[in-house]
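Heads up, the thing below is written out as structure tokens.
The values are calculated or read from the model by the stated rules, or taken from the named source; none is laboratory data. Please read these numbers as outputs of a predicted model, since none were measured by experiment. Reconstructed Cβ throughout: ideal geometry from the backbone, glycine too, with neighbour counts over all protein chains shown. Areas reflect the complete protein model, heavy atoms only, side chains present, ligands, DNA and RNA absent. Shrake-Rupley method; radii C 1.70, N 1.55, O 1.52, S 1.80 Å.
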Amino acid sequence: MQKLEAVFWDVDGTIADTELCGHRVAFNLAFKDFNLDWNWSESKYLDLLKISGGYNRIVHFRNEIQSDLSDSKCSEIQSRKSLHYKNLIHAGKIKVRDGVLRLINELSTIDVDQFIVTTSGKESLEPFLNTSLSSHLIYFSGIITYEDVSNHKPFPDAYKLAIKKSKKSEINCIAIEDSTIGVAAARAANLNCLLTLPPWSSDIQKISKKANACVNTLGNDYNPTKIIYGKKLYKKHVDAEYLTNIIN
């Protein structure tokens, strides 16, 4: 029986509903600031989530529409977007998902190490951590962001760094992710993975089948977890016991 020793948390879509109501809105505000006629709809942004990292999404879209926008201008847009994202956070537009704080609390009481492992940059991550997650930061042993690795999800670099920092065997660790590229990154690092579908997920047929288990939410008593695939859940929500069960 493998013991659960470390949990690696993704942020965007996993800890919080950041993408459609946060990052997407901030991108569009930044485009407007630079007098661009770009506007990413919800469907377009969901497609762009296949690209890891905000700057990379801007460059990808620029190339896709054959714009002559320079790399340096793309970088400026990303910086402006981060400013708008901070403002959205401070305005209370970004909410922590159901069950996240409950599970963080539980894991801390049984001495399971917890790390944040994200492809978001520090500039956009820190405002969220210092507001919506401020009371729970003490429970994290480390934070790995876009700046800490050269290759980003779906490459395994961020998770390999997390494993190294945790000083744990990967068989005793699990990543909690919300996306196909996140699951791919975890599995490439030989990690167990729980896939928790983001609120905007509509096509279950297209979800990754490579995680140990998949749920619609980590859940609370008033919003119970539904298993999409994986081992049976005996309580109303995902807890440390379930995480231990699915890594064995």
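On the basis of being touching a strand residue (DSSP E or B) at 6+ places or on another chain (Cβ under 7 Å), closer than 19 Å to SER120 by Cα and among the charged types (D, E, K, R), does ASP47 make the cut? Criteria not met by ASP47. No other residue among ILE94, ILE116, ILE104, ILE77 is assigned to a strand (DSSP E or B), among the β-branched types (Val, Ile, Thr) and either touching a helix residue (DSSP H, G or I) at 6+ places or on another chain (Cβ under 6 Å) or crowded, with 17+ Cβ neighbours inside 10 Å (or both) apart from ILE116. The residue that is farthest from SER82 (Cα to Cα), counting only those in the range 47-65 that are open to solvent by 30 Å² or more (accessible area, probe 1.4 Å) and not in a helix (DSSP H, G or I), is ILE65.
Residues of the range 140-155 that are open to solvent by 20 Å² or more (accessible area, probe 1.4 Å) and of a type outside the set (D, E, K, R): PHE140, SER141, ILE143, TYR146, VAL149, SER150, ASN151, HIS152, PRO154, PHE155. Of all residues in the range 81-96, those being modelled with pLDDT of 90 or more and more than 15 Å from LEU129 (Cβ to Cβ) number 4.
Taking only the range 171-206 into account, find how many residues are farther than 21 Å from TYR139 by Cβ and open to solvent by 10 Å² or more (accessible area, probe 1.4 Å). Count: 18. Answer with yes or no whether LEU69 is of a type in the set (A, V, I, L, M, F, W, C), touching a helix residue (DSSP H, G or I) at 6+ places or on another chain (Cβ under 9 Å), part of a helix (DSSP H, G or I) and over 28 Å from ALA175 (Cβ atoms). Answer is no for this residue.
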